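Take a look at the structure set out below.
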Amino acid sequence: MSSSVDLKPAENLTQYLENYFEKPIRAAVIRISNESSFEVSDTVDKSSSFESDFEKIRQVLLASSEPAFVLVHDQNRNDLLQFISYVPESANVRNKMLYASSRSGLIRIVNMSKIDKSFFASTTEELSYKSFFDQITKETDSAPLRQDEKERQQVDESLQSSTSQKRSLVTGGIAMEINDDALEGIKKLRSVPQNTLLLFSVRDEVICLEDEKANIAASDVKSFFHPSEPRFGFYSQSKDEKLKNLFIYICPMQSSVKNRMVYSSCKLAFLNKVEEEFGVSIDGRLESNDSADCTEKEIFQALGLIDTSKESKESNARSGFSRPRPPRRR
């Protein structure tokens, strides 16, 4: 299945998106119909309690093992929509892949300007009001808060007064942050020694520097990536005394759908921030579902450190058609 699937909106979805803020609907549950369109399968009406409305949404989602997207209208946050991606662990693999690959298509249909935050869940525990509430009230959003949000935010601030500063990264409707260690790691990319490998992971919507290794041979880079979780990596080499940085993205097939969604959603914005805000030159990219593909040859080719033209000619010569053999004598 391709990395991105574009499906059409069903008529009831199109109707919902027209002036949705004027409708008495708190949430529209969207599922994929016949692998061809996005359809509103259920709706939850508005009440005076946002939390009780969320509990109704939760019950609708938990009643089925099928994944779903949910658009939640929050009139107290500039009439924007909160975007929920729910892919239960009990869903079959085909459905998991279908929903993961079609998410960006639905966001384009809804229109990014209408989406406030994105929220991912794959377990009953993750699909809680507290988790949802914590996500939509991150500091990256300056929309006015409800009274219950203000009270909870005051408690959070008192508990986190000693937390280090983080830089926000908003991408695809997901409010990401980059912690201090990751920021320092990114800055080092402008002048790191040759054969340096930096690995980054995403934890609770925060991009973190997971590891920094020096004097790593290109043939050994693949051994430092996690076997079952996605990772971003930067590996440095030099040519003619000029530093060259390779961006590596390994997303194992056995990683969870939630992880694949999170990493793929923030990858481009993360790279743009590294290049544009920090002035780091990215000289090549290597992306795969298997770290075994991250060989010395592939690394050098991606960075333009070896001439592949001769090898290509030799390969073409070897793969030419052979003269057909004459028929055997009877």
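The values are calculated or read from the model by the stated rules, or taken from the named source; none is laboratory data. Owing to the predicted nature of the structure, the values given are computational and were not obtained by experimental measurement. Because the Cβ atoms are built from the backbone with ideal geometry, glycine has one as well, and the counts that use them run over all protein chains shown. Note: areas computed on protein heavy atoms with side chains; ligands, DNA, RNA excluded. Shrake-Rupley method; radii C 1.70, N 1.55, O 1.52, S 1.80 Å.
Some points to look at:
- Per residue, the accessible area of the range 1-128 comes to 45 Å², computed with a 1.4 Å probe over protein heavy atoms only.
- Out-of-range pairs (alpha-carbon distance over 27 Å; input K114/K258; K239/K273; K130/K273): K130/K273
- Heavy-atom surface analysis with a 1.4 Å probe gives the range 207-307 a carbon and sulfur content of 42 percent of its accessible area.
- Annotation note: GluC sites (Glu not before Pro) in the range 1-55 located in DSSP loop regions with a Cβ neighbour count of at most 16 within 10 Å are E18, E35.
- In this label model, A217 and M253 are separated by 2.9 nm, measuring between points 7 Å along each Cα→Cβ vector.
- Amide hydrogen proximity for N289: with H placed 1.01 Å from N in the peptide plane, the residues at 5 or more positions away or on another chain lying under 5 Å are C251.
- Per residue, the accessible area of the range 222-309 comes to 45 Å², computed with a 1.4 Å probe over protein heavy atoms only.
- Cα-centre dipole for the range 14-137 with unit charges at Cβ (Lys and Arg positive, Asp and Glu negative), debye to 20: 260
- For the range 1-120, the share of accessible area belonging to carbon and sulfur comes to 45 percent (1.4 Å probe, ligands and nucleic acids excluded).
- Cα convex hull of the range 194-239 - mean projected area over all directions, nm²: 3.5
- Loop-located GluC sites (Glu not before Pro) in the range 210-286 (DSSP state not H, G, I, E or B) with no more than 14 neighbouring Cβ atoms inside 10 Å: E241.
- Distance from the C-alpha centroid of the range 199-237 to that of the range 28-106: 33 Å, rounded to the whole angstrom.
- Spherically averaged projected area of the range 1-143 from its Cα convex hull (nm²): 8.2
- In this structure, the amide hydrogen of K244, modeled 1.01 Å from its nitrogen in the peptide plane, lies closer than 5 angstrom to those of Q237, S238, K239, counting only residues at least 5 positions away or on a different chain.
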